[in-house]
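Okay, structure first, notes after.
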Amino acid sequence: MHGSMSVDSDNDSQTSKGSRAISSALVYKKGEASITSCVINLSKTILGSGMLGLPYAYAQTGHVLGTLLMIFAAASSLFALHFLSECALREKLPASFYSGASKALPKFTIVIDAAVAIKCFGVATSY
């Protein structure tokens, strides 16, 4: 019985040493993500939702309407992202939705913040 306790305590000490080594290897400084980790994280987000929802939506609409809707969605996204990047380039850094909204529509900054919050909540709960 005493021998089994020493084996367990040896395993516990080895496990704690191993977990300390892993946890120390995963410690990052705040605000210092690599470009590779950012690309992988965004790719997982974009590809994950598309791979789950797009085939179902395409099957429900058919080939012709599905293709037209995808072209429309791509053009709309391109249009919106182009204007967002133009606004960000004209803003003082760091640019944000709030700073852009306060210059474009100062009376509706709260509405725009609420829309962004609802969108983030929807994305978080959809997974």
(Q) I'm told residue 92 meets every condition in (1) closer than 19 Å to residue 46 by Cα; (2) outside any helix (DSSP H, G or I) except one. Can you identify the failing condition by its number? (A) (1)
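Residue-by-condition table, conditions (1) at pLDDT 55 or above; (2) of a type in the set (A, V, I, L, M, F, W, C); (3) under 26 Å from the mean Cα position of the chain (by Cα); (4) surrounded by 10 or more Cβ atoms within 10 Å (Cβ to Cβ):
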site: 3; (1), (2), (3), (4): no, no, no, no
site: 16; (1), (2), (3), (4): no, no, no, yes
site: 25; (1), (2), (3), (4): no, yes, yes, no
site: 71; (1), (2), (3), (4): yes, yes, yes, yes
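The values are calculated or read from the model by the stated rules, or taken from the named source; none is laboratory data. Predicted model only: the values in this text are computed from it and were never measured. As a convention, Cβ positions derive from the backbone with ideal geometry for all residues, glycine included, and neighbour counts pool all protein chains shown.
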